[in-house]
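The values are calculated or read from the model by the stated rules, or taken from the named source; none is laboratory data. Just so we're clear, the structure is a prediction, and the values are computed from it rather than from any experiment. Glycine also receives a Cβ, built like all others from the backbone with ideal geometry; neighbour counts cover every protein chain displayed. The area values use the complete protein model at the heavy-atom level, side chains included, leaving out ligands, DNA and RNA. Shrake-Rupley method; radii C 1.70, N 1.55, O 1.52, S 1.80 Å.
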Amino acid sequence: MAYSPSTRTVQDVIRNVQRAFGDESGVQLQNSDIFMWINDACDEIVKRNRINKAKSTTPSIVGQADYTFTALNIMQVEAIHFAGQRIPNMSFAEAEEQVIGRDSAPLQGIPICWYEWAGTFSFYPVPNGVADIVIYYTAQPVRISATTDLL
């Protein structure tokens, strides 16, 4: 699929919406309403089409199972790799049944699965060495905040 950067601005959308509603003076529709609609539409487009792909790398920490990637604004995870190998995902419900609290002392080794709860990604077993954790994901779109912002 071809990709070409946007050349349309928020002001272009505002002008088109105001014309469509017959409100070219901006009396009925406030820019803040249109900003909200644009942000909602961008979220929906990314969610449905899984565009806005991104990748991030961080080192593991020996003995640490849980990692957060809040600064990445992840909308959907495609894959997580540990030490160059894809690590399968396990739902939280499966993790509760199979790995969480299973041992009094957490098993350490090379992770064989990961699961997520409330933005925290957990590996099982707990990493016993330092290696790259690479996360492939769909990022939430950047929020527009000015009429000059590109879509």
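Residue by residue, here is whether (1) among the hydroxyl-bearing types (S, T, Y); (2) under 30 Å from I14 (Cβ atoms) holds:
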| residue | (1), (2) |
| --- | --- |
| E94 | no, no |
| I100 | no, no |
| G109 | no, no |
| F121 | no, no |
| D132 | no, no |
| Y136 | yes, no |
| T147 | yes, yes |
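Looking at region 22-44, which of its residues are within 25 Å of the chain's Cα centre (by Cα) and free of Cβ contacts under 8 Å to residues at least 60 places away in the same chain? I'd like the intermediate steps shown before the answer.
Taking region 22-44 and keeping what is within 25 Å of the chain's Cα centre (by Cα), we get 32-44.
Residues satisfying the conditions are S32, D33, I34, M36, W37, D40, A41, E44.
Within region 63-87, being among the polar types (S, T, N, Q), part of a strand (DSSP E or B) and within 21 Å of P106 (Cβ to Cβ) holds for T68, Q85.
Of all residues in region 108-137, those satisfying the criterion of being in a loop (DSSP other than H, G, I, E, B) and either more than 15 Å from the chain's Cα centre (by Cα) or surrounded by 14 or more Cβ atoms within 10 Å (Cβ to Cβ) (or both) are I110, P111, I112, P125, N128, G129, V130, A131.
Considering region 11-60, and only residues there that are loosely packed, with under 12 Cβ neighbours inside 10 Å and of a type in the set (V, I, T), the residue that is farthest from I110 (Cα to Cα) turns out to be V27.
What do you reckon, is Q98 open to solvent by 80 Å² or more (accessible area, probe 1.4 Å) and in contact with a strand residue (DSSP E or B) (Cβ under 7 Å, 6 or more places away or on another chain)?
For Q98, the condition - open to solvent by 80 Å² or more (accessible area, probe 1.4 Å) and in contact with a strand residue (DSSP E or B) (Cβ under 7 Å, 6 or more places away or on another chain) - is not met.
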